[in-house]
Amino acid sequence: MAARRIVLLTLGWEDLPRSVSVHGAPPAERLREPTPGVLVETEGGWLLLDTGFNTALVRDPALRRRFFPDAEYVPVLPGAGEPVPEAMARAGIDVGDVVAVAVSHLHADHAGGLKLFAGRVPVHAQRREVDFGLRDPRAEAEGVFRIDFDDPRIDWRLADGDVEIAPGVRAVSTPGHTPGHQSFVVDVDDTRGGGGFVFAFDAADLTENIELEHPIGSFVDVSPEATVEQIRRLKRIAAERGYRLVPGHDPQVWPALTAELDQRFGTAGERTRPAAL
Ligand SMILES: [Zn+2]
C-alpha cells in the first residue's frame, strides 16, 4: 500500500533576496516564498514532512533579534497561532492524527515546529544533519537553531542515506544545501490514481533550479555546482518513475499544486473552514 492522499501546507512565508534560492542572482531582486509542509496519508496514519518556523523565535522581540538579525530575511507567520495545527485544520485533518514526522533538514523554516511533536511521535532525519546541528559551531550562523531540536524528548529515527520511512515514502539523501539534507519520493496508491511526486525541498527551491539547472544559493561545504548534481539526481529519479519533481519554495508552483492535490484527493472543500486552535 502506497500513499492514500497528499496535502500541501503553507506554514508561512519568507521575504528574501532571490540570491538565497539562486546562486548569483542580483541581491536587489526579492521574493516572497512559501514555507512548505507536506502531509502524506499512509497505511498507519498521517506523516508530516517539515514543520515550519518556531513561532516563539519569530514573535518574541528578544528572540527575534537574536535569531533573525538580518533585515534582508523576514519570516512571516500566517496567523496568530501555531501554523502546523492551523494549516492542518484548514485541510480538515487533526494534528493529533500525525503518527510520524520527517524533516528534510534543520533550517529554522523547516524544524521550528518539532516542539509540537517531541515526546509524541517518531521524527525521521539524516544522522549527519542532526550531528551538524548539535556539534558544528557554524550551525547557528547557517540558520540551524539548536533551540528548535535539541530536546531529549524527540524520538529521532536517524538514517545514513536513502531509506523508506513509511509505506510508499522514501527519503533520498541530497546533501549540499545542508550537510544532511534529504528529499522525499512519494508513491501514490493505484487505488488513488497511482503515480507519485518527488519533493525536493531545499535541494531545489524554485522551478528555475530544476528546469534551468541554476545552482541553489545556500549551501554548506560544497561548491554551487555540486548542488546541481543533487538536482540532476532528483530529476533522474522523477523521470524514471514518471513522477513530478516539486521545488521546495516556489511562489507559483506551491499554491498551484496545493489546489490541484486538494481537488484530486477531495480536501478542497475543507479549506474554507475556519482554522481551529
Ligand atoms: Zn533550507
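Only the coordinates and a few stated rules stand behind these numbers; no lab work does. Note that this is a predicted model, so its numbers are computed, not measured. A quick note on method: Cβ atoms are made from the backbone with ideal geometry, for glycine too, and the neighbour counts reach across all protein chains shown.
Ratio to report: Rg/Rh of the stretch 11-130, with Cα atoms as the point set and Rh obtained by the Kirkwood method; give two decimals.
0.99
How much FRET efficiency would the formula 1/(1 + (r/R0)^6) give for D190 and L212, where r is the Cβ-Cβ distance and R0 is 41 Å, rounded to 0.05?
Once the sixth-power term is evaluated, E becomes 0.75.
Please pull out the direction-averaged projected area of the stretch 74-155, using the convex hull of its alpha-carbon atoms, in nm² to one decimal place.
Averaging across all directions leaves 5.9 nm² for the Cα convex hull.
May I ask you to list the residues of the stretch 197-225 whose amide nitrogen lies under 16 Å from a point 7 Å from Cα along the Cα→beta-carbon direction of E29?
Residues 205-218 fall inside that zone.
Which whole-number percent of Cα pairs in the chain have a distance greater than 35 Å?
Distances greater than 35 Å cover 9 percent of the Cα pairs.
Per-residue ellipticity at 222 nm for the chain, helices alone: DSSP H runs ≥ 4 residues times -39500 (n - 2.57), over residue total, nearest 500 deg cm²/dmol?
It lands at -7000 deg cm²/dmol.
I need the fraction of alpha carbon pairs in the stretch 174-274 separated by more than 19 Å, rounded to a whole percent.
Tail of P(r) above 19 Å: 46 percent of Cα pairs.
Can you give me the three principal axis dimensions of the stretch 1-63 from its C-alpha atoms, in Å, biggest first?
47, 32, 14
Taking 8 Å as the Cα distance limit and 6 or more residues as the minimum spacing, I'd like the relative contact order of the chain as a percentage.
After rounding, I find 21 percent.
For the stretch 1-93, what is the relative contact order in percent, using Cα pairs closer than 8 Å and at least 6 residues apart in sequence?
Dividing the mean separation by the residue count of the stretch 1-93 yields 33 percent.
In whole Å, what are the Cα extents of the stretch 119-245 along the three principal axes, biggest one first?
The Cα atoms of the stretch 119-245 stretch 42, 36, 20 Å along the principal axes, largest first.
At 7 Å along Cα-to-Cβ for each site, give me the label-to-label distance between R66 and A80 in nm.
Output for this residue pair reads 2.6 nm.
Between E225 and E43, what FRET efficiency follows from the Cβ-Cβ distance if R0 is 35 Å, with the result rounded to 0.05?
0.30
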